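Remarks on the structure that follows.
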Amino acid sequence: MDRTALDTLGCTVRTGRFTTYGPLTAGTVACIEEDGTVSHSPPPSPAPWALPGARPPVPRPPGRGRALGPLLTASVLCTGLMAGLFFAYDISVMPGLAELDDRTYATAMQRFNAMIDGSALFGLLFTATLGFTAAGAIVAFRGRRRAVAVPLVVAAACYLTVFVITVAVNLPLNADLKALGDPATAQGLHAVIEDFKSVWVPLNVVRTVLCVLSLGALCSALIRYGRATER
């Protein structure tokens, strides 16, 4: 069989180091060796995405999503620290203070608040927890990692509620307690302490529960991220 016949059949003709193409309808690949012999092979199978109705893979830009792992890790650590702090108040600090008289209670709580409210480390941790979690959710959505993004949004929503409760309720209550001045000479001390206890203590339990829920959602996101990375 010569080159003309192969071209007529619509074959791809290869000669030596050069390749010439006939009509591509048949798709068969034929090679004319130097001694004149002809070899041929069936057309190559199409790539899976080249089949009818299939979409070609979308290339992912290099480097996208690399920050998600560190953000998830930082979010888990910070949220765990915040949950532990609130939990410690629930099970030790507040029950212990409740056994004291009003004057001692006010004095101790004033000192606790002065230490923690004025702490730059606490302020950094308190705000960074929300920042890391929200940033992780944004990166996950942009990287089309919906399975990771959904629990991150849940975690961010839970901690945002903690943030709002703290800023809108707990901190103003701390400021009211500070405004009493010296508890030994404060007027209406008992009423102030009772109002403080009735709001601050249960809301701290709410903050603890929300932080634990946020931590659980973050752990779920971290597990899903690990599984997707292993593929």
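The values are calculated or read from the model by the stated rules, or taken from the named source; none is laboratory data. Given the structure is predicted, the values throughout are model-derived calculations rather than measurements. Cβ sites come from the backbone with ideal geometry, for glycine too, and all protein chains shown count toward neighbours. To get the accessible areas, we keep the full protein, side chains included, count just its heavy atoms, and leave off ligands, DNA and RNA. Shrake-Rupley method; radii C 1.70, N 1.55, O 1.52, S 1.80 Å.
Taken together, the residues in segment 179-231 that are of a type in the set (S, T, N, Q) and in a loop (DSSP other than H, G, I, E, B) amount to 2. Listed here are the helices (runs of 4 or more DSSP H) enclosed by segment 39-138 that have at least 3 residues being modelled with pLDDT of 95 or more and touching a Cys at 6+ places or on another chain (Cβ under 9 Å): 68-88. Scanning segment 204-215 for residues that are open to solvent by 40 Å² or more (accessible area, probe 1.4 Å) and in contact (Cβ under 8 Å) with a residue 12 or more places away in the chain yields V205, V206, V212, L213, L215. Within segment 122-150, residues that are aromatic (F, W, Y) sit with their Cβ atoms under 6 Å from residues that are surrounded by fewer than 20 Cβ atoms within 10 Å (Cβ to Cβ), at 6+ positions apart or across chains, in these pairs: F122/I116; F132/A74.
All of (1) crowded, with 16+ Cβ neighbours inside 10 Å; (2) under 17 Å from the mean Cα position of the chain (by Cα) hold for R144 with one exception: (1). Restricting segment 81-111 to residues that are open to solvent by less than 30 Å² (accessible area, probe 1.4 Å) and not aromatic (F, W, Y), the residue that is nearest to L171 (Cα to Cα) is M109.
Is it the case, given these coordinates, that A156 is over 12 Å from A106 (Cβ atoms) and either open to solvent by less than 50 Å² (accessible area, probe 1.4 Å) or in contact with a Gly (Cβ under 6 Å, 6 or more places away or on another chain) (or both)? When the stated conditions are applied, A156 passes them.
Checking the stated criteria, G143 turns out not to satisfy the condition of being among the small types (G, A, S) and either farther than 30 Å from L222 by Cα or in contact with a Ser or Thr (Cβ under 9 Å, 6 or more places away or on another chain) (or both). Can we say G181 is open to solvent by less than 60 Å² (accessible area, probe 1.4 Å), out of contact with any strand residue (DSSP E or B) (no Cβ under 8 Å at 6 or more places or on another chain) and without any contact (Cβ under 8 Å) to a residue 12 or more places away in the chain? When the stated conditions are applied, G181 passes them.
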